[in-house]
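In what follows, a structure is listed as structure tokens, so that the remarks can point back to it.
Bear in mind that the values in this text are calculations on the coordinates, not laboratory data. As the structure is a prediction and not an experimental result, all values here were calculated from the model. Here the Cβ positions follow ideal geometry from the backbone for every residue, glycine too, while neighbour counts run over all protein chains shown.
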Amino acid sequence: IHVHPATMILALRGKQGPGKIVLVTDAMATIGTDMTSFTLNGRTIYRKDGSLRLADGTLAGADLDMISAIRFVHRVIGLDLASLYPAEAIGQAHRLGRFANGTAADIVGLSEHLDLRNVWIGGEKVFTANGRLQL
């Protein structure tokens, strides 16, 4: 909602590569719920049509979870914006953001449709699609 999809596609294609663009989301409390409003810092924020707004219509945040953001960028350029590039941006590419011997083994398993299936932290499976934590 912050940027028109066509503008985002143009930016993604023009700024590919390490240190150029990383994928983030400013998701709020509504993610994963059926909430239609919530209070933050004494102000009511309303969820409608994929955006979060104050009563006067001012944009207040994103109603976008990371997997939805990944689905969008994957269609355009791939998954490095959600894995390798953020690791490089924080100086941790030697242990995060890629598959290699000696890396952290923090992995998100996705289906062919990019639905979350499994999560491993430190090589240990901690989440499955059925929602059971295995810590």
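Taking the C-alpha atoms only, the angle from helix 5-14 to the longest principal axis of the chain is near 30 degrees. For Leu54, what is the net charge nearby, where nearby means another residue's Cβ is under 13 Å from its Cβ and Lys, Arg count +1, Asp, Glu -1? That sum, taken over residues with Cβ under 13 Å, equals +3. Here's the picture: charge each Lys and Arg Cβ at +1 and each Asp and Glu Cβ at -1 in the chain, and of Ala129, Ala105, Ala55 the one pushed furthest to the positive end of that dipole is Ala105. Once backbone amide H atoms are built at 1.01 Å from N, Met28 has Ala62, Leu64 as its partners under 5 Å, excluding neighbours fewer than 5 places away on the same chain.
For the chain, the longest principal axis of the alpha carbon atoms and the long axis of helix 66-76 meet at an angle near 70°.
Say R0 is 35 Å: what FRET efficiency, to the nearest 0.05, do Ala129 and Thr58 get from their beta-carbon distance? Once rounded, the FRET efficiency stands at 0.45.
If the segment from Gln16 to Ser111 were pulled out straight at 0.36 nm per residue, it would be longer than the present Cα-Cα gap by 31.7 nm.
Label positions at Thr36 and Asp65, each projected 7 Å from the Cα along the C-beta direction, are separated by 2.1 nm. Charge tally for Gly32 (other residues, Cβ to Cβ under 14 Å; Lys, Arg +1; Asp, Glu -1): -3.
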